[in-house]
1. I need the calculated FRET efficiency for the pair THR343 and SER141, taking r as the beta carbon distance and R₀ as 56 Å, to the nearest 0.05.
2. Search the structure for amide H atoms under 5 Å from the amide H of MET14, placed 1.01 Å from N in the peptide plane, and list their residues when 5 or more places away or on another chain.
3. Taking only C-alpha pairs under 8 Å that are 6+ residues apart, what is the relative contact order of the chain in percent?
4. Relative to the compact-globule scaling 2.2 N^0.38 Å, provide the ratio for the alpha-carbon radius of gyration of the stretch 378-418.
5. Under a Cβ-only charge scheme (Lys and Arg +1, Asp and Glu -1), can you give me the dipole magnitude of the chain about the Cα centre, in debye to the nearest 20?
6. Could I get the Rg over Rh figure for the chain? Both from C-alpha atoms, Rh via Kirkwood, rounded to two places.
7. Using modelled amide H (1.01 Å from N, peptide plane; none on Pro or chain starts), what sits under 5 Å from the amide H of ILE61, excluding residues fewer than 5 places away?
8. How far is helix 436-445 tilted off the main Cα axis of the chain, in degrees rounded to 10, range 0 to 90?
Amino acid sequence: MDLVRDKRVKDALMNSSVQNMFERGELRKDHPLQRKPGRWSVSDMEGLIVSVLKDEDIDSIKVCEQLTDNGVILWVIDGLQRLTTLNLYLNGGFKLGKNLEFPTVAYQSVKRDSEGNIVKDEYGSYAYELVEYDLRGKYYSDLPVELKEKFNNYKIDMVKHLDCTDEEIGYHIRRYNKQKSMNASENAVTFMDNIAKEVKRISLNNKFFKNDIYKEMERNNGTIERIVTESVMCMFHLDKWQKQSRKMGEFLNKNSSRQEFDRLNDNLNRLEAVYDDCFNDIFTSKDSFIWFTLFDKFTALGIEDGSFAEFIRSFKRNRLSERKFGGESFSDIDRNRSTKDKTVIVRKLEILESLLKEFLHIDRKGQKQTDLEAFIAEVLDTDVDALHEDMEFYEESLDDLTVKTIKDGSKLLSDKNRPSLLAMMVYSYQNDVNLDDWLKDYAKSNDTYLTDQRKNFLRMKADFERQNAGGNIKSA
């Protein structure tokens, strides 16, 4: 029979001990499923400090213990706002305001004379007095020593759930926040125990989200996390689009991959490199995921990223949102239909793609031929005019080769990967080498590609030359 052990213990620790654990990282505040600190108003923060200084009760802190290969981790799952507020006040992060309710606190102190000497009675015993202290406008450093000690020694009740899995941590976070203001975006993250760390990795660290496009409130209330999940869903799983945040989180938790988040992160880095203020009115929190998806499609064309920034400027300057395709414009859809319906998202993308192709003068095949030829000429150091004459032949040869060597469904067949594959085909004719056996083996062992088509081509070329090191291969 399996032994049943306690799954929960309760303890009371001094505030100073808790803060030391907090600052040393022994008490972790950054679980991927946890929402961020900084959600409280100034009034909420001041109220907590006053309660502690008056020795009033506050809610207990909830912690989940997790056993890992790297040791025992204690995750704060409820009470993060309380702990960060206490820590911020302790370290001089804010002072108490002038509008405190019941702003005075009473405490007993040793009586002193006008020169600061301790007063004793006729028997040599200390004399004491009751002091009423006004807390308004006070930093922690302004407090008398008696109140500093009261703050440091305040007992914080801590409930610890033992030996928790990621799923159990998510369950406890939801349970404790059922009656609290956890919004839909924050709640959705708790269902992503497999991928929450990827969502947070991008939302917290990617520089694109630190631009003026997004408000500070959006960075703290889960909006950026929602944009990240919507972007991955739209870029890779649009056919399974889920309108509700929770269902989207559950779907991605089972079906998305690290590689998908890496690609989004790479795209964001590329957008950051060409960012300017014209982006601000376009990449709204409502439509960012659609524009990120459009940029992902753009990367397949092998065109410099600056051209996408030029399109954004044209979209704003020339009011392209009002251009009608099939009787409706991008703005018409925004005004008249629910913006998170799948049909709306698909239609918005169709309109934006049409506008983008028109701006870039792209032909019906979806390739800007002159730019594609320029890309291949650059990576192979060859003449672009000579390349143009045989381009149709190279295209047909590549189509014949991929049908024979690459299985349907392989990401190597993606339109985004075509520029580098076509460059490999031109390389093979220039060097009079056969790609059939190599590409068949390469497709079996590599089902992914680099979004930077120049780097992707160089990786494939290096692999081919390594596999054929014994042959007579000229350098391209």
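The values are calculated or read from the model by the stated rules, or taken from the named source; none is laboratory data. Values in this document were obtained by computation on a predicted structure and should not be read as measured data. Using ideal geometry, Cβ is built from the backbone for each residue, glycine included, and neighbour counts are taken over all protein chains shown. Just so you know, the surface numbers come from the protein's heavy atoms only, side chains and all, with ligands and any DNA or RNA stripped out. Shrake-Rupley method; radii C 1.70, N 1.55, O 1.52, S 1.80 Å.
1. 0.40
2. Hits under the 5 Å cutoff: ILE156.
3. On the way: 567 pairs, mean separation 56.1, N = 476.
Over the chain, the number comes to 12 percent.
4. Here the answer is 1.38, to two decimals.
5. Working: 75 positive and 85 negative charges, 297 e Å.
About 1420 debye.
6. Working: Rg = 30.8 Å, Rh = 27.2 Å.
Computed over Cα atoms, the ratio is 1.13.
7. Under 5 Å from the amide H of ILE61: ASP157, MET158, VAL159.
8. It is inclined by approximately 20 degrees.
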